[in-house]
């Protein structure tokens, strides 16, 4: 019997080049995996009771990663590299893991990733917050790969 996909078990991978992992991180929240299509609506002459919808341009969301844990400063370095080389892009993978974290059941592949916001947490000696509060990434395409694909 198939198990439901859970949203609390996921991992984020970002590669600057194929095979060269820039970031292998854990975040508490991942939002913005979305694709929208704006239909083109046309009306047929003489047919006032019907409209025809054609596939229109596609737009993508902006990935928002919150409260992240990484072992290094690779995400900060990537942001700084993009400031110097504005054509630098990366690819990303969001893996939805099985409940035992042994495999990825679903994978979202992102291309043309560009960091657009990086926010550090409020620095406070009384809080035990993590070093990356929020990162936002614009992406050019989004593809879904099911398990076994």
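Here is how the numbers come out for the structure above:
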read-out: Single condition residue 110 does not satisfy, out of (1) closer than 14 Å to residue 142 by Cα; (2) over 13 Å from the mean Cα position of the chain (by Cα); value: (2)
read-out: Checking residue 47 against (1) touching a residue at least 60 places away in the same chain (Cβ under 8 Å); (2) more than 16 Å from residue 14 (Cα to Cα); (3) not in a strand (DSSP E or B), the condition it does not meet; value: (1)
read-out: Residue that is modelled with the highest pLDDT [pool: residues in segment 131-149 that are more than 15 Å from residue 116 (Cβ to Cβ), in contact with a strand residue (DSSP E or B) (Cβ under 9 Å, 6 or more places away or on another chain) and not in a strand (DSSP E or B)]; value: 147
read-out: Residue list for segment 69-83, restricted to those being out of contact with any strand residue (DSSP E or B) (no Cβ under 6 Å at 6 or more places or on another chain), under 15 Å from residue 25 (Cα atoms) and in a helix (DSSP H, G or I); value: 76, 77
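The values are calculated or read from the model by the stated rules, or taken from the named source; none is laboratory data. Just so we're clear, the structure is a prediction, and the values are computed from it rather than from any experiment. Neighbour counts run over all protein chains shown; Cβ positions are idealised from the backbone, glycine included.
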